[in-house]
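The values are calculated or read from the model by the stated rules, or taken from the named source; none is laboratory data. All values derive from a computational prediction rather than experimental measurement. Here the Cβ is made from the backbone with ideal geometry for all residues, glycine too, and neighbour counts use every protein chain on show. Heads up: the accessible areas ignore ligands, DNA and RNA and are worked out on the full protein's heavy atoms, side chains in. Shrake-Rupley method; radii C 1.70, N 1.55, O 1.52, S 1.80 Å.
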Amino acid sequence: MKRFIPFVLAASLAIAGCSKSDGTGETEKPIQEVKTGTDIRDKYISAISELQNYQHFAEGRTLNQKYKTIGALRGTDVLVAYIDASGKLFLMTKFKIDSKFIDKIGQIGFAVDGRSKPSDIAALMFLEKLNSSGPTGSPMPAFYSIVYPHSEKLVSVGIDVSNLDYKFISYMNLSYKTFYCYNGAWFLSFYKSTGAPLLQDTKIPEDFLMKSITAYYFEENRMIVLYNESGNLIVKCFPTKRPRDLTAPLWQNMINGYGYLGEKGIDISDDDDNLIIKLKEPNIQYKYRKSTGLVVY
């Protein structure tokens with residue numbers, strides 16, 4: 001299961017982007033342009049009057065392109081707003097970032113990750129200032145605010161990457177109770193309702209993901225991985241963080257046929273008790289108990 005990494009081109013700094021490796025030897029070209037400046041404030045101030053109180057601005061979209069997203073920064077104060085298709089304010093949140101970033105941040109912008117599932121997630125990046133006296137290149141993220149709607153409000157998940165060797169967040173997704181993502185070789189998860197950390201020191205289970213079609217993580221330190229075995233779709237459940245010698249799944253089940261389907265042909269979601277696997281063509285849905293893997297009819 002290959003992973004693509006989000007990169008940025010800072011248009012206002014006229015910087016040429018370059019591809020980078022995600023730590024597995026794979027590369028991906030830059031796919032996002034940062035739009036920032038007071039023209040964004042002027043464009044949206046009629047819908048968001050609070051923008052007059054901020055200095056730096058960014059415009060983007062959610063991962064599913066459903067909403068326009070506006071980010072604004074002044075000192076440590078941050079505003080993120082969602083604008084619906086009619087141009088009206090849908091939701092807005094305000095929060096603060098750590099004061100240690102004041103002198104580090106030179107620009108903000110929204111990331112696009114080509115590996116993330118389409119969703120209402122928006123990823124606001126706080127980009128480090130470029131060193132004018134040293135080598136120049138694409139600005140690197142120092143901090144992420146991952147924002148998404150939940151219970152009629154916007155939840156913000158803060159991820160500090162300023163001291164990490166690998167500074168990009170990818171594979172962002174929402175399950176019923178969690179938000180999760182990758183940071184290089186690491187898996188991060190958070191409580192969906194609050195944004196509080198859940199798992200922060202867990203390696204991505206590369207051995208389980210080899211030759212897989214797709215994977216889906218959910219609460220209580222668990223994941224399901226789908227494989228094509230002899231033309232059948234095999235569903236295996238593993239602990240995300242596990243003892244080193246564990247290789248057997250907690251449970252597994254099989255969908256006869258359909259092993260030929262790729263990741264884009266499969267949607268996975270969950271509710272309080274069950275995992276739902278939907279095959280897009282043909283339009284078939286399967287439901288399994290999270291705890292046992294038993295089929296729910």
(request) Within segment 143-171, count every residue that is touching a strand residue (DSSP E or B) at 6+ places or on another chain (Cβ under 8 Å) and farther than 16 Å from Tyr82 by Cβ. (result) 14
(request) Mind listing whichever residues of segment 170-186 are part of a loop (DSSP other than H, G, I, E, B) and modelled with pLDDT of 95 or more? (result) Ser175, Tyr176, Lys177
(request) Test each condition in (1) open to solvent by less than 10 Å² (accessible area, probe 1.4 Å); (2) within 30 Å of Arg41 (Cα to Cα) for Val112 and report the one that comes out false. (result) (1)
(request) Name the strands (runs of 3 or more DSSP E) wholly inside segment 60-120 in which the number of residues that are closer than 26 Å to Ile268 by Cα and under 21 Å from the mean Cα position of the chain (by Cα) is 1 or more. (result) 68-74, 77-83, 105-111
